Amino acid sequence: MSKILVSFATMSGNTERVAQYINSELPKISPETQVSLVNMMELTEELFNEHDLNILGSSTWTDGEFNPISEEFFNRLSASTIDLNGVKFAIFGLGESYYPEFCTVVEKMENVIKSKNGLIITESLKLDGYVDDNMLHSVGEWLNQFVNTI
Ligand SMILES: Cc1cc2nc3c(=O)[nH]c(=O)nc-3n(C[C@H](O)[C@H](O)[C@H](O)COP(=O)(O)O)c2cc1C
C-alpha cells in the first residue's frame, strides 16, 4: 500500500478546497493508497521521507510571493539540512491570471524541493481563478496522469 501526503497552504480556503478534493479522489483512482491531509502550518519536513508521494499546494500572494503560511514552511525547509534524495513530490498552485506574477509560487516551491534533491515526478499544476467543477475536473485529470505510476 502506498502512502500519500497532501499538504496545503491557504489564506482564504481555496487551496484547502482543492486539497480536500485530492484527498477524496486519490482513493478512487488508487484504492490501495493511504492518504493523509495536513495543513502546511502543521507540516514538518521529516514527514516527507515517510510517504511514497508528497503533494504540496499553495496560493500565490502579494506580487508573486509565497503566502505567509507556505513562506514560513519553505523558509524553514530551505534552512534545514534535510536530504530529500529520491523522495517524490507533485506540486500545485492557485492564483489568478489577472496578476502579472501568475502562480509563481509553483516555481518557488519547485526550486526549494529541487535544492534538497527531491524528485518532482510530474509537471506542476497551475490553477486559475475560482474553485469550481471545471477546476476540480482538471485537478482530477492531473492526478490520473501520475498517481498510479508511483
Ligand atoms: C492580496 C492578494 C495578492 C495576490 N497576489 C497574487 C499573485 O501575485 N499572483 C497570483 O497568481 N495570484 C494572486 N492572488 C490570487 C490568489 O492566489 C487566489 O485568490 C487564490 O485562489 C487564493 O487561494 P487561497 O484561498 O488558498 O489562499 C492574490 C490574492 C490576494 C488577495
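Only one of Thr81, Thr62, Thr104 is near the ligand (Cβ under 8 Å from one of its atoms) and either at positive phi or surrounded by fewer than 12 Cβ atoms within 10 Å (Cβ to Cβ) (or both). Can you tell me which? Don't jump to the end; show me each part of the working.
Numbers: Thr81 fails: near the ligand (Cβ under 8 Å from one of its atoms); Thr104 fails: either at positive phi or surrounded by fewer than 12 Cβ atoms within 10 Å (Cβ to Cβ) (or both).
Among Thr81, Thr62, Thr104, only Thr62 is near the ligand (Cβ under 8 Å from one of its atoms) and either at positive phi or surrounded by fewer than 12 Cβ atoms within 10 Å (Cβ to Cβ) (or both).
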If we scan segment 28-50, do we find a residue that is within 8 Å of the ligand (Cβ to nearest atom) and either in contact (Cβ under 8 Å) with a residue 12 or more places away in the chain or surrounded by 22 or more Cβ atoms within 10 Å (Cβ to Cβ) (or both)? no
Contact list, first residue from segment 56-72 and without any contact (Cβ under 8 Å) to a residue 12 or more places away in the chain, second anywhere and outside any helix (DSSP H, G or I), beta-carbon distance below 8 Å, six or more apart or interchain, is Glu71/Glu65
Yes/no for Ile55 being within 16 Å of the ligand (Cβ to nearest atom) and touching a helix residue (DSSP H, G or I) at 6+ places or on another chain (Cβ under 9 Å): yes
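Take Glu71 and decide whether it is among the charged types (D, E, K, R), outside any strand (DSSP E or B) and within 14 Å of the ligand (Cβ to nearest atom). Talk me through it step by step, then tell me what you get.
Details: among the charged types (D, E, K, R): yes; outside any strand (DSSP E or B): yes; within 14 Å of the ligand (Cβ to nearest atom): yes.
The answer is yes for Glu71.
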If I ask for residues that are part of a loop (DSSP other than H, G, I, E, B) and within 8 Å of the ligand (Cβ to nearest atom), which ones from segment 84-101 would you list? Glu96, Ser97, Tyr98, Tyr99, Pro100, Glu101
In segment 129-150, residues that are farther than 20 Å from Asp52 by Cα, in contact (Cβ under 8 Å) with a residue 12 or more places away in the chain and not aromatic (Phe, Trp, Tyr) total 5
Pick from segment 1-27, criterion assigned to a loop (DSSP other than H, G, I, E, B) and within 13 Å of the ligand (Cβ to nearest atom), ranking: farthest from the chain's Cα centre (by Cα): Ser12
Among the candidates Asn75, Asn148, Asn144, Asn117, residue that is modelled with pLDDT under 95, over 12 Å from the mean Cα position of the chain (by Cα) and surrounded by 12 or more Cβ atoms within 10 Å (Cβ to Cβ): Asn148
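The values are calculated or read from the model by the stated rules, or taken from the named source; none is laboratory data. Remember, predicted model here, so these are calculated numbers, not experimental data. Neighbour counts are summed over all protein chains in view; Cβ atoms, including those assigned to glycine, are modelled from backbone coordinates with ideal geometry.
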